[in-house]
Amino acid sequence: MAPDKNSGATSLLSKKVKIEGEILGDEDLRVEGHFKGIIKVVGDLHVGQSGVVLADIEAENVVVEGQVTGNVLARKQLEIQSSGQLLGDCRAKSIDIREGAIFEGRSSMLRSGATPSGADPGTSADAKTNPS
């Protein structure tokens with residue numbers, strides 16, 4: 001994940017923290033704890049291996065190493081690492097699902113120049129990937 005372009009800072013929700021609500025921000029966010037609600041950040045979101053997120057997410061780039069349940073809009077790239085699990089629909093310009101990752105939902109590719117909230121998200125596909 002690239003460093004934050006706006007403030008140079010990354011907010012952290014640490015392992016022993018549980019929060020419910022809405023997170024809005026201009027910087028990157030790393031989640032190692034539990035979060036339930038809505039996440040909208042201008043920067044990147046990284047869900048670490050111990051992170052558990054039950055939320056709809058909007059961010060520049062999203063990396064999932066832990067568990068995410070909810071819909072994801074990554075304005076650039078979505079990565080689901082081998083330890084990651086995404087249960088929900090996703091939209092991104094680029095989607096990378098590593099071997100061993102779990103993804104259950106629908107994926108849509110954002111077209112270059114299209115706005116993320118546009119009515120035409122591009123090509124849709126149903127996907128289900130489970131480790132053997």
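The values are calculated or read from the model by the stated rules, or taken from the named source; none is laboratory data. This is a predicted model, so every value here is computed, not measured. With ideal geometry, Cβ positions are generated from the backbone for all residues, glycine too; neighbour counts draw on all protein chains shown. Accessible surface areas use protein heavy atoms only, side chains included; no ligands, DNA or RNA. Shrake-Rupley method; radii C 1.70, N 1.55, O 1.52, S 1.80 Å.
Side notes on the structure shown:
- Amide H contacts for I95 (H built 1.01 Å from N in the peptide plane; partners 5 or more residues away or on another chain; cut-off under 5 Å): L78.
- Full-extension gain in nm, E22 to D96, via 0.36 nm per residue minus C-alpha separation: 24.0 nm
- Rounded to whole Hz, the Karplus (6.51, -1.76, 1.60) HN-Hα couplings of segment 41-50, x for glycine and proline: 10, 6, x, 9, 10, 10, 9, x, 4, 8
- Residues Q49 and R106, FRET efficiency given R0 of 25 Å [Cβ-Cβ distance, rounded to 0.05]: 0.50
- Across segment 11-81, the convex hull enclosing all Cα atoms gives 59 Å³ per residue.
- Across segment 94-106, computed HN-Hα scalar couplings (Karplus, 6.51 cos²θ - 1.76 cosθ + 1.60, θ = phi - 60°) run 9, 10, 10, 10, 7, 4, x, 5, 10, 9, 10, x, 10 Hz from first to last residue, x flagging Gly and Pro.
- Accessible area of segment 22-108 divided out per residue, in Å², using a probe of 1.4 angstrom: 40 Å²
- Summarising the amide proton neighbourhood of L54: residues at separation of 5 or more, or on other chains, whose placed amide H is nearer than 5 Å comprise F35, K36, G37, T69.
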